[in-house]
Each structure stands twice: as C-alpha cells, then as structure tokens.
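Below is one structure. I have some questions about it.
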C-alpha cells in the first residue's frame, strides 16, 4: 500500500516537473571568456535578449580551451547553445567539424562583415588589437612607434611580451622594417624566421613574459616594465580604474572573436536566433560602450558613439599601419615555430 | 604467518597444508569479494582510461582511414620519383570523399605535424577539386603547389599509411624519421623535450633535497616535543595540506612578486637597495614547491621517528658516544625507512607539478606537465600529449624501481 502511494507521488511529481519545464522558456546557454571581457556583452547583449526574445540567457565561462568544447561534444551531451571563440579556435574547430554550419540567411548579409570575419562555422563579433603600451606618468620620453619597443638606447628598461611566438615574431619583423603586407611571406621563409628571432634576441635579456591578458597592465602598474605589448581592452580598463597608460597606435596586430554553435546543440534554430540578435547593428555596437573592441560589422560600426569610436582598433585614425593576424599561417607553422620558440626561451 | 608455516611445514603431513588452504579458501574469496568493488572501480575509472589514453601515443588512423585508395596505390611506389598518375587519381578520389565527410582537415592536421604546410596543401587541393580539368591530374596538383611533385611528401603519406606510428613517441625524445624511414635526431631548434625532461627531474630533485633538509629537523623536533606541543606542531604541518594547492600557490605569488611582501620587508630593513626578481624564477618555483611538498616528507619521517625508543640515545650517550655520534650512528640509520618514503613521495609528486611552475615559474621553469596540458587544451594534439605522458610514466616507474633496488622495498615505510 505504502509503496503504491509512493509510486503515485513520484509519478505525479515527475509529470509536474515535466509540465513546468515545458511552459517556462528554457534559457539559452551562452559561454564566453569571463571577466571584463564578458561583462561588456552581458550589459549590451545578454541583458537585452530576454526582453526582446522572451528567453533568459544563462551564462557560462571558460578559458578559451577548445578541448573543453570538444570534450563536451564527444560526451554526446552538448549543454551549451552558443560559444564565443577566438580565431585560432574557430579555424581549428571548423576543421575538426565540432561546430555547426552557420546559415547566413538567418544572420545577415555577409558583405557587411570585415573581410575574413565570416566563416562557414562562425559569425565575427568584435576585433581587438595587440598594441604597445606604456605608463604616461613614468616616461618622460614617450614611445611613438612600434620600433621603439626594440630601442633600448632611447628607452632603457624591461619589456613585457606575451609568452607566445604569435604576435612577437610579427612585431619583430615590423620593427625591422618589413611592411605589414610582407610579414607572413617573410615569416614563411627560414631566413625570415631567423631574422625575426634575431630581432627578438636584441631585447631578450630585458623581456618579462606575460601569459594572462590581465598581467600586462599589472606589469606596467607595478613599474616592472617600461613598456609592454597588451590587448587594447585591458589597457582601456586599467585607465578606467585610474591609470594613465598610453597606447602606441602603430603596427598593432588585429584579431577577431566569433560566435559559434557547438555540434549537437539542442536547438540550432534558437542558437542562430541568439546570434542574429547579438550581431544586430545597434546591439553589437553597444559592446564598444563597455570595452573598446570594435564591431566587425560595418553597419554596427556606424552605430558606435564617436566618443567610444576613437578608442577602437578599427577607428580609421588608428588603422593606418595595422596588421591582421594570419591564423592560417599559425595553423600551418605554429607547431614547428612554437618548438623553436621554446628552445629559444630556454637558451 | 609465512614464517610459522615454513617452520611447521616439514613436520606435518603434506596433505594437511592443502586441506588447510582449502578450508581457508572461502575466507579468502570473501575477502576478495569485499575488495572487489574497489578493484573494479579502480580498473574502470583509473587504469582502463589511462591505458586507453596512452594508446593514442601510437594510434595513427588518419591516413589509412581517410586515404584508403591512395594507401593501396602507393604500395608499389619505390620512393624515388614522383608517383604515377594512378596515385594522383586515387588521392583526388579520396579527398573528394574526405570533403563530403568533413575529414580533410583531420588528415591535413596529422600530416602537418611531420611537414609544416601540409595542412594548407591538403585543404587548398580539396577546395580546388571541382576545378580540375579532364586529363592527367599530376600536373594540375603540381600547378597548385610544387611540393606535390616531391617524393619526400609522398614518402610521408606512405609511411603514415600504417595504423600505428612511432612518430609521437620518437618526437617525445627529440627523434624523428627521415625520408627513408631511418631514425634521426631532430634539428637543434626543434629539440625541446629531452631538455624539458631533464629540467623536470632536476627541479623535482632540488625540491626533494630542500624538503628533506627542512623536514627532517622539523620531524625530529615534533617527535621529541611534549604531547600537547607536538599536537600543535603537527597541526601546523597539516594545515597547509588542507588548503587548496591553487590557493597556496597564489599566496606565494603575493609573497614573491616584485612589489610583494618579501621585497618590501627586505627594502624596509635595508637589506637590499633594489627589488629582487623572485617571481618567474627557478628560485621561486623551487621555494613554493618545497613549501607545498613539506608535509609529504615530514609525515613519513615523523611516524618512523615516533617508533624509535628515546632510551636508545640515552643508552648510547651513557656508553660514551659523543652527542653527534650517538645521533648519527644510532638514531639516524633507524629513520631511513621514513626518509626514503618521504623523499620518494615528494620526488614522484614533484615530477607531475603543473600549477605552481605555471604561476610562479618563468619560461625556463615549465615542467613536462605544462607541455602535456598545452597539447591537450590548445593544440588538440592528443597523440603528442599521450606520448609525453608515457615518457613521464616511464620515468616515474623507472625511478621507483631503481629506488626499490637501492633502498629495498621492506625499508620504505609510508606511515
């Protein structure tokens, strides 16, 4: 008797839960890189989505590890609907077939996106820059061009660099006088690679390596380095907190981030719908209010307030000598160059 | 038990021993049955996944699964000149299927390990398949990229048609294969892993010595202290062990950084005129790891020290031994099982360190685990990760066995 009653109670409960779930709108699960970076779309995109589309957004964070996405898909239980990825992850994941194909008819006309920021598996969102930065208060003599990074005579002191061959080898060649259009052609030859490492050799003893984006402004703030390369959003944030860091808008290296849909996402239409909303010109432009990463969609760039626009890596005044990171090059040569970089570091 | 058996055995009827064993069998089976869930749990969640993962170090499915026709067509190729038209035709057919199945990139990625640039070569040919004109395919391949005419490229494809490969394991010890398949050393600037392995062993060794130098006197003091004070001291040793590894490492970052506590104290005391670089150095890494490993060295030593009767030292002194001699010749040898266990535990745990060198160490202090993590998380090159893991496992087991040989299994006492 007791058992029977228990069984009845349990089934009622199960039905009740199932019905409840069917009526309440299931949240869309979005994963991004966390921190100040995720705060910007939280204010500009995620908070506006439920009102516009009647579905709450549940946020997840990750460190950008593609292995995490792949493991989720391999386990056969894709719980995330939309993921924010960087360009190398987009390329690698697209190659591996772990992202759903994007139906661009449901997103918008591809022609509105900057060249190279549309993909079969991802929709470009923002573009950020690796720039040279320094503390305005500490330097009487201010650097004005990228080559100053390698000029130890005029600007003595330690240099902060990202502990990764990507961007550093490009910076080395740019500072050595290679025009932006020739950088990857040069780097693909053994002589060009030697030339880049030789240029880095000239400052090797003065380099302090940073790994996480937040470390670069910390190095400047603590006075540990005279100047450092950094991601422009991190410098902007530090300045918002009262620092006076300057940015050298010369030979900055641009790269972009993307929305992708992991393979096996529960409802691809809903995921596409979210991406469509997130890259709507007015919504996407809102991100620039909170972090100076420029929208890659031209119609969105037009919506950015002029005050915010001057801080963006894509603003015409800042864009003159920039280089766009070639992720295809790094996919081909990254393994070999990273090994060389590792041996170079330990010698 | 074994001793009494061997003593009594000659005096008993041989059938009795067998009968006794038979009688005890249900007990043994029951004991085994009790341990069975734990054994199965270990096997399923620990041993089997590790075993399966380690096989990825030799698995090589890409070429023979994605290029089956090319594999067959290349069987008769002598490796001297550009292969014939039938090989190009087979490759075109295989790549057309690969494009449909979305597997071309997997193939390109695998071949790219052995020859940088193969990834984009495969991808661009796959994209251009539809544009091929009727007639011989070989010149059209070569027109896209001259490398398709070189025998070296085809040798790589031919070599990787086998379902197992020595590539990852060879690379993990800085070896590679030349075009003819012979084993050669990789170029100087590509030889990273032996250096890193040596560094890993060296750091683990430094940490072991440092923990022993600090831990032995600590354990000695605790073993001699009155019960209540000993309890308090033991708590001090154990407390860090209950704190997360990440938290302890971050605490060291706070202490060691250029503007950190240590530098400020040194400056305030006038012991140094400029800030010392403590973070991102070998010194910082070894210091932080030593602190984290200390309890693992202290506890086995302490447990052995507690079993040594205090009267022995007094007896040695009363028989005329000087204080040091009494300690060194009577006391210290008896602590050896604990010292051996503590050092072994710290050394082996130190070999696998990841978080502490990543946060406190500089680029020259990264240990082998950091590279395994990079291959898993960023590069998705699990073959290489598995090969490095094999290398680490092999080193650990060898050191363990060597240690047993030198010290003797019965002389290691963990607690």
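The values are calculated or read from the model by the stated rules, or taken from the named source; none is laboratory data. For clarity, every value in this text was computed on a predicted model and none was experimentally measured. All Cβ positions, even for glycine, are placed from backbone atoms using ideal geometry, and neighbour counts span all protein chains on display.
Conditions: (1) in contact (Cβ under 8 Å) with a residue 40 or more places away in the chain; (2) within 38 Å of the chain's Cα centre (by Cα). Residue B:65 meets all but one. Number of the miss?
(1)
Still on this model: Quick check, is residue A:283 assigned by TED's automatic domain parsing to the domain that holds residue A:250 and either outside any loop (DSSP other than H, G, I, E, B) or under 22 Å from residue A:180 (Cα atoms) (or both)?
Numbers: assigned by TED's automatic domain parsing to the domain that holds residue A:250: no; either outside any loop (DSSP other than H, G, I, E, B) or under 22 Å from residue A:180 (Cα atoms) (or both): yes.
Taking the combined requirement at face value, the residue does not satisfy it.
Yes/no per residue for (1) without any contact (Cβ under 8 Å) to a residue 40 or more places away in the chain; (2) surrounded by 16 or more Cβ atoms within 10 Å (Cβ to Cβ); (3) away from chain A (no Cβ under 14 Å); (4) assigned to a loop (DSSP other than H, G, I, E, B):
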residue	(1), (2), (3), (4)
B:90	yes, yes, yes, no
B:93	yes, yes, yes, no
B:139	yes, no, yes, no
B:155	no, yes, yes, no
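Just for the range B:116-126: of the residues that are surrounded by 14 or more Cβ atoms within 10 Å (Cβ to Cβ) and over 35 Å from the mean Cα position of the chain (by Cα), which one is farthest from the other protein chains (Cβ to nearest Cβ)?
B:125
May I pose another question? Only one of (1) buried (at least 18 other Cβ atoms within 10 Å of the Cβ); (2) within 30 Å of residue B:108 (Cα to Cα) is not met by residue B:377, so which one is it?
(1)
Is it the case, given these coordinates, that residue A:301 is assigned by TED's automatic domain parsing to the domain that holds residue A:314, without any contact (Cβ under 8 Å) to a residue 60 or more places away in the chain and surrounded by 17 or more Cβ atoms within 10 Å (Cβ to Cβ)?
Judged against the criteria, residue A:301 is a match.
Another question, if that's okay. Can you name the residue in the range A:140-152 that is part of a loop (DSSP other than H, G, I, E, B) and free of Cβ contacts under 8 Å to residues at least 40 places away in the same chain and is also nearest to the chain's Cα centre (by Cα) among such residues?
First pass over the range A:140-152, keeping only residues part of a loop (DSSP other than H, G, I, E, B): A:140-145, A:151-152.
Subset that is free of Cβ contacts under 8 Å to residues at least 40 places away in the same chain: A:140-141, A:151.
On the way: A:140: 32, A:141: 32, A:151: 29 Å.
Result: A:151.
Here's something else I'd like to know. What single numbered condition from (1) in a helix (DSSP H, G or I); (2) surrounded by 15 or more Cβ atoms within 10 Å (Cβ to Cβ) fails to hold for residue B:77?
(1)
Quick grid of which residues meet (1) outside any helix (DSSP H, G or I); (2) farther than 21 Å from residue A:171 by Cα; (3) away from every other protein chain (no Cβ under 14 Å):
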residue: A:307; (1), (2), (3): no, yes, yes
residue: A:312; (1), (2), (3): yes, no, yes
residue: A:321; (1), (2), (3): yes, no, yes
residue: A:329; (1), (2), (3): no, no, no
residue: A:332; (1), (2), (3): no, no, no
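In addition: Any idea how many residues of the range A:334-347 are farther than 16 Å from residue A:162 by Cβ and at the interface with another protein chain (Cβ under 7 Å from one of its Cβ atoms)?
Residues flagged as farther than 16 Å from residue A:162 by Cβ and at the interface with another protein chain (Cβ under 7 Å from one of its Cβ atoms) within the range A:334-347 amount to 6.
Which one of these does residue A:115 not meet: (1) within 30 Å of residue B:100 (Cβ to Cβ); (2) out of contact with any strand residue (DSSP E or B) (no Cβ under 9 Å at 6 or more places or on another chain); (3) loosely packed, with under 15 Cβ neighbours inside 10 Å; (4) at pLDDT below 90?
Result: residue A:115 passes all but (2).
If we keep just the residues of the range A:45-67 that are within 11 Å of chain B (Cβ to nearest Cβ) and surrounded by fewer than 16 Cβ atoms within 10 Å (Cβ to Cβ), which is farthest from residue A:97 (Cα to Cα)?
A:63
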